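A short reminder: the numbers here are calculations on the coordinates, not readings from a lab. These figures come from a predicted structure and were not determined experimentally. Glycine gets a Cβ as well: all are built from the backbone with ideal geometry, and neighbour counts include every protein chain shown.
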Amino acid sequence: MASIPVALQSATMIGPGTTLKGDIQSQQDLRIDGTVIGNVKSSSKIIIGQGGVVEGDLESTQCDVNGKVNGNIRCRELLQLRGESAVTGNLYAGKLQIEPSATFNGQCHMGANIVEMGSNEQVNTAVNG
């Protein structure tokens, strides 16, 4: 029996054919191959698999999108839009990498200070609004 690397043991997976409604918050890596209807926040890395769909906002340190996201993405470090990924929403990223086959509709804001400022704007709007 082959052993599973420690890095894979700590990742949370939402598998194909699974639909989850509600917000998710995680301290570990999170891989989504199913559907999430709600906001997803991780202090680590979020991976959206090729068949993965998120109807909500993403917030993480790193993000790797291969599937579909309808919502804003806030990524403090590297945000990657790969393969046939499709994102409809605004991007806030420290660094951004988009493959030619990926599609993105929205505004893009880059730089580490932009990501933090974007989070503070949401808090101020909620407090002042």
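Within the set of other residues whose C-beta is less than 10 Å from the C-beta of residue 62, count the net charge using Lys and Arg as +1 and Asp and Glu as -1. Each step should come with its number before you reach the end.
Values: positive: 45, 76, 95; negative: 29, 64, 77.
Cβ neighbours under 10 Å give a net charge of 0.
Pulled fully out, how much extra length does the chain show between residue 44 and residue 77, if you take 0.36 nm times their separation in residues and subtract their Cα-Cα distance? Please report the intermediate quantities before stating the final value.
Details: separation 33, 0.36 × 33 = 11.88 nm, distance 1.03 nm.
Result: 10.9 nm gained on full extension.
Please give the net charge around residue 39, taking every other residue with its beta carbon less than 13 angstrom from that of residue 39, where Lys and Arg add +1 and Asp and Glu add -1. Write down the numbers at each step before the final one.
Values: positive: 21, 41, 74; negative: 23, 55, 57, 59.
Local charge sum for residue 39: -1.
Please list the three semi-axes, largest first and in whole Å, of the ellipsoid equivalent to region 28-82, using sqrt of 5 times the eigenvalues of its alpha carbon gyration tensor.
On the way: eigenvalues 43, 26, 20 Å².
The three semi-axes for region 28-82 are 15, 11, 10 Å.
Using only the alpha carbons of region 9-48, what is the convex hull's orientation-averaged projected area in square nanometres?
On the way: hull surface 10.0 nm².
Answer in nm², one decimal: 2.5.
Under a crude label model (7 Å from the Cα following the beta-carbon direction), how far is residue 109 from residue 19 in nanometres?
Placing both labels 7 Å along Cα→Cβ, they lie 3.3 nm apart.
For region 6-124, count all C-alpha to C-alpha pairs, find those more than 26 Å apart, and express that count as a whole percent of the total.
Details: 796 of 7021 pairs.
That tail contains 11 percent of the Cα-Cα pairs.
Could you pull out every one of the lysines with an alpha carbon less than 19 Å from that of residue 45, ignoring same-chain neighbours closer than 8 positions?
Residue 45 reaches 68, 95.
Show me, for region 92-107, the HN-Hα J-couplings you get by feeding each phi into the Karplus relation (A = 6.51, B = -1.76, C = 1.60, θ = phi - 60°), rounded to Hz, glycine and proline as x.
Those phi angles translate into 10, 9, x, 9, 10, 10, 10, 6, x, 7, 7, 10, 8, 10, x, 9 Hz.
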